[in-house]
Amino acid sequence: MSKLSQLQKIRQLKAPTAPFTSVSYAAFQAGEYAFDRLKFPVAVRSTFDQEDGEEQSFAGQFETRLQVERDGLKSAIADVFNSYPEADGQQVIVQQMIEPEYSGVLFAYTTGIWRLEWVEGLGENLVSGKRTPKQLLLPKFDWMDRWVQPWFRVWTTDLPERTLETGLIDLSIWAQRLQKSFGSVNGLDIEFAIAKGQLYILQARPITTPQEAEEVLTSANHKEILPPYPSRLMTDIISRSGADLFQYYQDLDPTLPNRHFLKMAAGMPWINLSALLDSMVHWGLPTQLVCTSVGADDFYQVRLRPYRAVRKIGVFLKVLLQQWTVRKRITNWLDQTQDQYQRQQEQRIALWEEHPAAAFQEWAIAFRRMYVELVTNMQILTGAMSGPVSLLNRLGLLSKVSDAAKQKSATTDYLNAFQELTQGTLSKEAFVEQFGHRGFYESDLGQKRFAEYAQTEWKRLLIPSGQLQVSPARPAKKRTTIWWAGLFRGAISLMHTREHLRAETMRWFAEFRYELLRNSHTKLGAELSPFSYPIDDLQRLFQGEITPDQLQDKAYPVQSGWDMDSFIANTLGRRLPLPTSNSPQAKVGIGIYPGVVQGRVWRVSAADFTAFDQPPFPNAILVAEALDPGWIPFFTKVDGVLSYVGGLLSHASIILRESQIPAITQLPRHIELRTGDRIELNGLTGEVRKLD
């Protein structure tokens, strides 16, 4: 589609664009052209018939002349025709110039985020590189959003003017209409300008680079539950589950596009935050709802829009029904799955002997199915809890209700047992019998469980009490009975259900781990760890297509670790930071449990027995990137806890609240803490103050 065809279609759709006309080469040669209806100055633009196709664009290869006055028009048209490989049969566009306050380009991919670059003034400043563009991630708005914008601000950006904000909402709306009308497979590259608050679309060419489509990925919960470098097998299983996990949202609303809940980047499995936030925008819900749950930046900042949400009432009724019956759903699933996996495991015993490749394939399918069902159930539980917990937190009552609850979660029982183990009141044998299936970063199949620890590892884990230099035990706060706590008993019960679900599935994780270890060692030798390799390579190994030595010699991409909280990524592996205008900087963290604690920072990078040592100070405050139940042994030795990633509903937050340990999560990045820093944390306000 030529540039002229684009503009004609834009005008046919009544989309806003500057007045234009065209001149054929034959008419130009004959001098048969006139521009009485156009105001000067004008822009003379190329429209070579192969310039903007689906396969290739030739963008920037032909001449464009801007700010052309009447006396220079003939020369400008000649320059554009002369830039064509062949001028016969071709045309040029003559379009009235506008004097915009803002200009830019929107990359509106069919799937993924819409990334926008803009500058002040003419767009020539952007394409020529005269000015560094600012970037923005543009949500998909509709006409109702535009209609209410003057009275109800649906999009709370920090753009310099409301006119720019309004113009970009218009751009979002028209971009969706243009995509449908043009039928472009990959999306549209749209040039625009905004003058006096009015949007003008200058070009909409098909995107020819589908591999450049981008998503916003975040470490979020994964940094909490997975080690700094997850095993390759677990990473592969997680990444293969991305489409199945997003299917949960599509089952609720079939109008959602095909997306992936999880995406791979730099050898790591990340949560696709943009897919979740686009779903919130589509449903009219505030994007902050998701970000608060997963502990990520709200790069959209779109508010609740009731007029749009009411159109999705059917979706919300499905969600409410799921949440109303979620406890029964979890109980039934746990009972049925336990029996099912035991039967399947028994059936695979003979299969491992006779057809190990087939047994491994069944093992991988069964585990991935369980993983998808587990995460889906977790999503439903988290959704059911988020409203009541958020309300309690806003009212400052969350910790009081948690204190008043007599029953504690299964994971808190695990913490108490570990504390008794380190204090010598519970034997190692009794602890292993109850909790031997658990361990550091237990959500990764590649991590050891306590039952597998050698004597030397237990010696490192169980530091003799005489060598510990911890502060005196905190006196437990009196757990008072609050008469109105029963009103929120349901929310506390849901928390306990989720912790019970995790505790039970960690037993299954351990069983799947032991099964693969036994059979891989039998067939391949004890030196080979099956968790170090992806599924396809292990499948080839069990089939006999490659040898263990060949597998061990195979090079894999280097894992980056959780080196970025949230970022933009494409399928080619390029990663970019989020635009600063999309990432508001918080000043305080989120308080998990109230209490003011002073002490010195104990910065720990990862939770495992090699890092588990005595705190270097008598009054220690643990500081970590993210926390999960694998950090429980560390909680028993400190006076307070801080983390940069997390949320009110994370497993670690529930444990810290029930254990009455003053703690803060989502600590702002600009607060840099190092081992030895003397600080004060306020678990009520989320504030952290350096004392020296």
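Quick one: R37, R305, R574, fewest Cβ neighbours within 10 Å first, how do they rank?
Going from sparsest to densest Cβ surroundings: R37, R574, R305.
Quick check on packing: order 683-692, 381-390 by the mean number of other C-beta atoms within 10 Å, highest mean leading.
381-390, 683-692
Relative to the longest principal axis of the chain, what angle (0 to 90°, nearest 10) does the C-alpha long axis of helix 162-182 take?
80
Of (i) 29.9, 102; (ii) 25.5, 75; (iii) 27.2, 92, which is the value of Rg and Dmax of the Cα atoms in Å derived from the coordinates here?
This structure yields the entry labelled (i).
Relative to the first principal axis of the alpha-carbon coordinates of the chain, what is the inclination of helix 410-423, with its axis defined by its Cα atoms, in degrees from 0 to 90 and to the nearest 10?
50
Which of the GluC sites (Glu not before Pro) across segment 499-588 are loop residues per DSSP, with 13 or fewer other Cβ within 10 Å?
Numbers: sites: E499, E504, E511, E515, E527, E545; in loops: E527, E545.
Hits after loop and neighbour filter: E527, E545.
Give, rounded to the nearest 20 debye, the magnitude of the charge dipole that segment 280-371 has about its Cα centre when Lys and Arg contribute +1 at Cβ and Asp and Glu contribute -1 at Cβ. Kindly include the intermediate steps, with their values, before the conclusion.
On the way: 13 positive and 8 negative charges, 180 e Å.
About 860 debye.
Cβ neighbours within 10 Å, averaged per peptide: list 102-114, 19-31 in order, most packed at the top.
102-114, 19-31
Using the count of nearby Cβ atoms within 10 Å as a rough guide to exposure, how do L136, L289 rank from fewest to most? Display every interim value, and only then the final one.
Values: L136 22, L289 18.
So the ranking, lowest neighbour count to highest, is L289, L136.
Which percentage, to the nearest 5, of the DSSP beta bridges contained in the chain is antiparallel?
For the chain, the DSSP antiparallel bridge percentage is about 85.
Could you work out the helix-only [θ] at 222 nm for the chain, with each DSSP H run of four or more residues adding -39,500 (n - 2.57) and the total divided by the number of residues, to the nearest 500 deg cm²/dmol?
Theoretical 222 nm ellipticity from helices: -12500 deg cm²/dmol.
Take D553, D639, D298 and order them by how many other Cβ atoms sit within 10 Å, fewest up front.
D553, D298, D639
Of P618, G589, S643, whose Cα points farthest to the positive end of the dipole of segment 586-692 (charges on the beta-carbon: +1 Lys, Arg; -1 Asp, Glu; origin at the Cα centre)?
Going by the charge dipole, the pick is G589.
Does anyone have the angle between helix 273-283 and the longest principal axis of the chain? Alpha-carbon axes, 0 to 90°, nearest 10?
The angle comes out near 70 degrees.
What full-extension length gain, to one decimal in nm, is calculated for Q8 and A451 as 0.36 nm per residue of separation minus the Cα-Cα distance?
152.4 nm
Readers should treat all values here as calculations from the given coordinates under stated rules, not as data from a laboratory. Predicted, not measured: the structure shown is a model, and the values here were computed from it. With ideal geometry, Cβ positions are generated from the backbone for all residues, glycine too; neighbour counts draw on all protein chains shown.
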